[in-house]
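The values are calculated or read from the model by the stated rules, or taken from the named source; none is laboratory data. Fair warning: this is a prediction, and the values are worked out from it, not measured in the lab. Glycine also receives a Cβ, built like all others from the backbone with ideal geometry; neighbour counts cover every protein chain displayed. Note: areas computed on protein heavy atoms with side chains; ligands, DNA, RNA excluded. Shrake-Rupley method; radii C 1.70, N 1.55, O 1.52, S 1.80 Å.
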Amino acid sequence: MAHQHTSKEFIPHLKELLRGKDGDEEVVDQLQDPAVEKIVEGFMHFKTSIFDQHPDIFNQLAEEQKPKFLVFACSDSRVSPSRVLDFHLGEAFVARNIGNLVPAFNQLRYSDVGAVIEYAVSHLEVENILVKIALPAKIKVKAQYPHLSLEKQKAKCEREAVNLSLSNLLTYPYVRKGLENKTLALRGGHYDFVEGKFELWEFKAVLTPTIKIPPQDIDPDAYYSV
């Protein structure tokens with residue numbers, strides 16, 4: 001049986017195989033780069049420890065993805081949602097940006113965020129949207145909590161920014177449709193990576209029936225006649 005090299009053993013073994021072969025010296029030189037070494041070792045760890053150990057899961061994922069969550073998270077390297085919440089491959093459709101902000105619906109602007117939401121809700125049919133410092137949040141916190149210390153105001157602001165993004169999600173027609181049909185839930189999350197604590201709450205909004213003016217089942221001429 002062939003020896004299975006660990007991720008740490010793989011690069012020295014690869015260098016040994018390539019060394020002396022025509023045209024491969026440049027590849028060996030690239031493998032001396034710590035960044036390249038980190039990427040190669042990371043992939044080999046994934047392949048040997050996860051990919052090769054669960055062929056049934058990856059065969060299923062090759063056919064389709066059916067995530068239950070759409071997650072908006074900050075781009076901060078310290079708060080990877082897949083690590084913090086232990087999402088497995090295929091469980092969460094993730095969008096990351098600075099401050100995990102979700103802008104209000106606009107057909108002409110913010111098309112990247114809008115495309116993520118529309119695809120996740122309308123095509124993938126996710127069941128939960130989780131949003132993990134916007135100026136409006138800062139203004140609200142300063143107005144409501146002027147007596148708090150700066151650190152406590154920052155903590156309030158972080159949570160209020162999440163609620164602001166959740167409120168903005170209500171402006172997307174496919175999100176409103178999912179909420180009205182009770183096939184979708186909006187949730188906020190706050191991760192304190194210093195203390196190792198996580199807070200989770202559901203964001204509920206009262207959606208009143210849509211008023212259509214003029215009503216579609218009434219003749220416009222009759223509607224406007226006196």
Within region 185-207, of all residues that are open to solvent by 90 Å² or more (accessible area, probe 1.4 Å) and assigned to a loop (DSSP other than H, G, I, E, B), the one modelled with the lowest pLDDT is V206
Among the residues of region 1-38, which ones are aliphatic (A, V, I, L, M) and at pLDDT 85 or above?
-> A35
Kindly list, by first and then second residue, each pair from a residue in region 66-93 that is on the phi > 0 side of the Ramachandran plot to a residue that is crowded, with 19+ Cβ neighbours inside 10 Å, limited to pairs with Cβ atoms under 7 Å and residues at least 6 apart or on different chains.
-> G90/P67
Selection count where residues are open to solvent by less than 30 Å² (accessible area, probe 1.4 Å) and either modelled with pLDDT of 90 or more or assigned to a helix (DSSP H, G or I) (or both), scope region 74-86 | 1
Using the structure shown, decide if K182 is assigned to a helix (DSSP H, G or I) and over 20 Å from the mean Cα position of the chain (by Cα).
-> no
For G99, all conditions in the list (1) surrounded by fewer than 13 Cβ atoms within 10 Å (Cβ to Cβ); (2) in contact with a helix residue (DSSP H, G or I) (Cβ under 7 Å, 6 or more places away or on another chain) hold save one; what is the number of the exception?
-> (1)
Determine whether R159 is open to solvent by 90 Å² or more (accessible area, probe 1.4 Å) and touching a strand residue (DSSP E or B) at 6+ places or on another chain (Cβ under 7 Å).
-> no
Please work out which one of (1) under 19 Å from F93 (Cβ atoms); (2) at pLDDT 85 or above is the condition S167 fails and give its number.
-> (1)
